[in-house]
1. Based on other C-beta atoms within 10 Å, arrange A:32, A:194, B:103 from fewest to most.
2. When 1/r is averaged over all different Cα pairs and the result inverted, which Kirkwood radius in Å belongs to the stretch B:84-233?
3. Rank the residues A:315, B:59 as a footprinting-exposure proxy: fewest other Cβ atoms within 10 Å of their Cβ go first.
4. How big is the equivalent ellipsoid of the stretch B:3-314 along its three axes, where each semi-axis is √(5λ) from the Cα gyration tensor, reported in whole Å from largest to smallest?
5. In whole angstrom, note down how far apart the Cα centers of the stretch A:88-146 and the stretch A:1-70 are.
6. Based on the Cα atoms of the stretch B:226-328, what semi-axes does the equivalent ellipsoid have, where each is the square root of 5 times one gyration tensor eigenvalue, given in whole Å with the largest first?
7. What is the stretch A:283-358's relative contact order, in percent, from Cα pairs under 8 angstrom and six or more apart in sequence?
8. Across the stretch A:35-181, what fraction of all alpha-carbon pairs, as a whole percent, falls in each successive 5 Å bin from zero upward?
Amino acid sequence: MFYREAGEFRTSYTDDGQTFPIAFDRWRYYAVLAIAFLVVPFVINDYWANAIFLPFLIYAIAAIGLNILTGYCGQVSLGTGGFMAVGAYACYKLMTGFPDINIFFHVIGAGFITAGVGVLFGLPSLRIKGFYLAVATLAAQFFLVWLFNRVPWFYNYSASGQISAPERTVFGLPVTGPATEPWAAYLFCLVFVVAVAWIARNLTRGSVGRKWMAIRDMDIAAEIIGVNPLTAKLTAFAVSSFFVGIAGALFFAVYLGAVEVGEAFGIQKSFLVLFMIIIGGLGSIFGSFAGAAFMVLMPVLLKNVLVGGLGWATDLAAHIEFLIVGGLIVTFLVAEPHGLAQLWRVAKEKLRLWPFPY
Amino acid sequence: MPDQLLFAAEVTLNGLMAGVLYALVALGFVLIYKASGIFNYAQGVMALFAALTLVGIMDGQVPFSHLINAIFGTEVHHFGWHVPAVAAILLTIVVMVVLAWAVNRFIFRHLVNQEPIILFMATIGLAYFLEGFGDLMWGSDIKKLDVGLPQGINLWIDETTYNAFGYGFFIDNLDIVATVIAALLVIGLVIFSQYTKQGRALRAVADDHQAALSVGISLNFIWVLVWSVAGFVALVAGIMWGAKSGVQFSLSLIALKALPVLMLGGFTSIPGAIVGGLIIGVGEKLFEFLIGPLVGGATENWFAYVLALLFLVFRPQGLFGEKIIERV
């Protein structure tokens, strides 16, 4: 009814290969972008920005990053938290070291530094596979967090061991520091999210992405047909860490403002981002967004219902939250192991035929 | 002997003892991984859950008392009795068997033939669930676990070493007991898997699922069995760690410590888990003792992982793991 391909004639490869080949999809995508850029900034307030929009956008970047590594290239990583920490501390050092340069470039620089670290920790992936690799990435997680805790140079010898973001502006508007307007921070993150999603989408459908997927599906076979596993795996690590580093930089500079490394970038963060991509769907950009939205919204919702609605104690609500998150993850995996993205695909298939069954 | 060497020897001994405890947790991982190919992240939380249940039963706590109080506005906390340790341990074993059955019935039966990563995720979900469930059932405050194990410095070793070297070694009685129990547990497991019908069936399943099915072994039963055994191992680990440092959330984090042990020893090898545990235990204690002060301390957090990582680069299947043969 609403969702038809009839009457759409694609006459060139470019038409056929575009990201949204169906006109309805394309227009919906433009509409979402327009709302995100033109409507949300005007209605957003402090609570919505800090509780929902900023974490959602930042986690979406991290999830896209991890999805490239795990979902597209098949290398399971539990080091996301550590790489986010690299992004955050790189951003901090750049912000304090070069205060005259626009923060925009600091964030991107942080991404490149994280990419370098990611490649370094990605080197063992050439020898180690599967779960052994997942555990090996834990080495990155714990080592990096320890490093940022113990080496005072990283936190500029501050007494508390914390790093806190100084005020930086874009076009004269502060985007970090206490004076930030919620809509400015939101727009700043949104620009990165759109850019990252666009880059990721186009990388994954080009030759680089196809190489990643060949490695994921079977690395020996991929090697035989001419994919170089060294470059394929290391580019996946580099691109993934680049995005995760950007997410870490934004998480620190824009969202939290002040960070203590073990608390903000601990192993829990690695698992959280992994949850997002599995619930959202491995190997899907849309899935990264869906998973991030799910994992950000659900605790807020549960908290509002249990503490706000029923008036239970916070610690009790926290336990129930654990219970429900765990239960939901298991239920999701049992019902649909390929995540929200697969549900979305199935729903679209159904909608194309609706109201007729065939 | 010079002092430094004596200290190092003491540190090594303590490392061996700690390694035994790591190995206990790693053992649970290996059992499940061998029998079902599931990498059970929830093993640590199972240890926590078992310890919580044990303490709860011993103290006669009312399960879900916080929840009941919150809903009905009542003030119940304790039944007011104390269960003896042995009976409580038996009851906890029953709980762990029920848990094993439920896990298989409600989760893994539906996930047959899924990719390993999906199964792994399911166990992480299970870990979250159990953590919330355990806290909800028994409360999240730090509890003292006392099942009558000896604790404190072993005076005999202290005196003997003092007389021999002029410096008394500090070895905790509990660690010695843990070592003995771990040894007994491993011997028990070996006897079980070599000489009983169920044990042989379990090894058959570990070897080849389909061949085991075709000779009439019930996979469902074996999986419940192996999860129960893993639950029992988790209980033992929970008692040891709980007696050492109290029953609290951080108990579930020992699962993370068991991972490098597994990598070092190989995912599929029971002796590997023991040897790996000992290497990691000694290695991290010695490293912290010798190198730690030079780089700012607290190296125990990451040393095990980095050691395992470097080791794997040279031997990707671990010390005793099965050789990985890849075919196209």
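A short reminder: the numbers here are calculations on the coordinates, not readings from a lab. Just so you know, these numbers come straight off a predicted model, no measurement behind them. Here the Cβ is made from the backbone with ideal geometry for all residues, glycine too, and neighbour counts use every protein chain on show.
1. Ranking A:32, A:194, B:103 by Cβ neighbours within 10 Å, fewest first, gives A:32, A:194, B:103.
2. For the stretch B:84-233, inverting the mean 1/r across all distinct Cα pairs yields 19.0 Å.
3. A:315, B:59
4. 32, 27, 19
5. After rounding, the separation between the Cα centres reads 28 Å.
6. Semi-axes from the Cα gyration tensor: 24, 23, 10 Å.
7. Relative contact order for the stretch A:283-358 comes out at 34 percent.
8. All Cα pairs, binned at 5 Å, distribute as 2, 8, 14, 19, 18, 16, 12, 8, 4, 1, 0 percent.
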